[in-house]
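A short write-up of the structure that comes next.
The values are calculated or read from the model by the stated rules, or taken from the named source; none is laboratory data. Owing to the predicted nature of the structure, the values given are computational and were not obtained by experimental measurement. Counting neighbours? That spans all protein chains shown, and the Cβs are built from the backbone with ideal geometry, glycine included. Protein only, heavy atoms only, side chains kept; ligands, DNA and RNA dropped before computing areas. Shrake-Rupley method; radii C 1.70, N 1.55, O 1.52, S 1.80 Å.
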Amino acid sequence: NKKWTALKFGGFQNHINNMAKRLLIIDNDDLTESIEKINTISKKKNLNIECYPLLIGLPDGNDVVDESGKISQELISKKFEEKYGNIRFHMIASDFKLNDERIDGVDIIRKFNNIKNTARASKILYS
């Protein structure tokens with residue numbers, strides 16, 4: 001019985017490893033090229049990564065910029081909830097510089113630490 005349990009668990013673990021890992025990528029610039037590169041590299045390395053872009057700030061994420069021309073935390077929350085509200089993410093990558101003097105990638109990562117679907121995700125900043 002112990003052998004069977006170990007074999008069954010091993011199969012289950014392989015199933016988990018083959019499940020798609022969902023990556024939320026936050027940036028103020030178009031992410032099409034970056035997502036294509038991630039998809040190409042992950043396939044070569046036999047990884048299953050699904051990329052979900054969240055554009056915030058100028059120039060390409062202007063729908064979360066308020067009347068004063070600054071990124072709005074409230075509008076980010078609304079956009080995220082509308083696009084990805086029920087999706088649980090395993091990883092979050094955020095651009096550090098978002099063309100806003102008040103908010104940067106650190107602030108964004110902190111915000112996503114308080115959202116149920118992203119709180120346990122691994123997080124990384126890039127620039």
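Worth pointing out:
- Answer residue from region 82-96, given it is surrounded by fewer than 16 Cβ atoms within 10 Å (Cβ to Cβ) and at pLDDT 95 or above and is farthest from Ile38 (Cα to Cα) among those: Glu82
- Contacts under 8 angstrom Cβ, first residue in region 94-107 being in contact (Cβ under 8 Å) with a residue 60 or more places away in the chain, partner assigned to a strand (DSSP E or B) and open to solvent by 80 Å² or more (accessible area, probe 1.4 Å), 6 or more apart: Ser94/Ile124
- Scanning region 23-82 for residues that are acidic (Asp, Glu) and without any contact (Cβ under 8 Å) to a residue 24 or more places away in the chain yields Glu33, Glu36, Asp63, Asp66, Glu67, Glu74, Glu81, Glu82.
- Checklist (1) within 18 Å of Val106 (Cα to Cα); (2) more than 17 Å from the chain's Cα centre (by Cα); (3) modelled with pLDDT under 90 applied to Lys8, failing item: (1)
- Filter result for Ile76 (modelled with pLDDT of 95 or more, of a type outside the set (Asp, Glu) and in contact with a Lys or Arg (Cβ under 6 Å, 6 or more places away or on another chain)): no
- Candidates in region 63-77 are the residues that are farther than 20 Å from Ile35 by Cβ and surrounded by 13 or more Cβ atoms within 10 Å (Cβ to Cβ); of these, the one that is nearest to the chain's Cα centre (by Cα) is Ser77.
- Any pair with Cβ under 7 angstrom, 6 or more apart, that starts in region 116-127 at a residue that is without any contact (Cβ under 8 Å) to a residue 60 or more places away in the chain and surrounded by 11 or more Cβ atoms within 10 Å (Cβ to Cβ) and ends at one that is part of a loop (DSSP other than H, G, I, E, B) and among the hydrophobic types (A, V, I, L, M, F, W, C): Asn117/Ile87; Asn117/Phe89; Leu125/Phe96; Tyr126/Phe96
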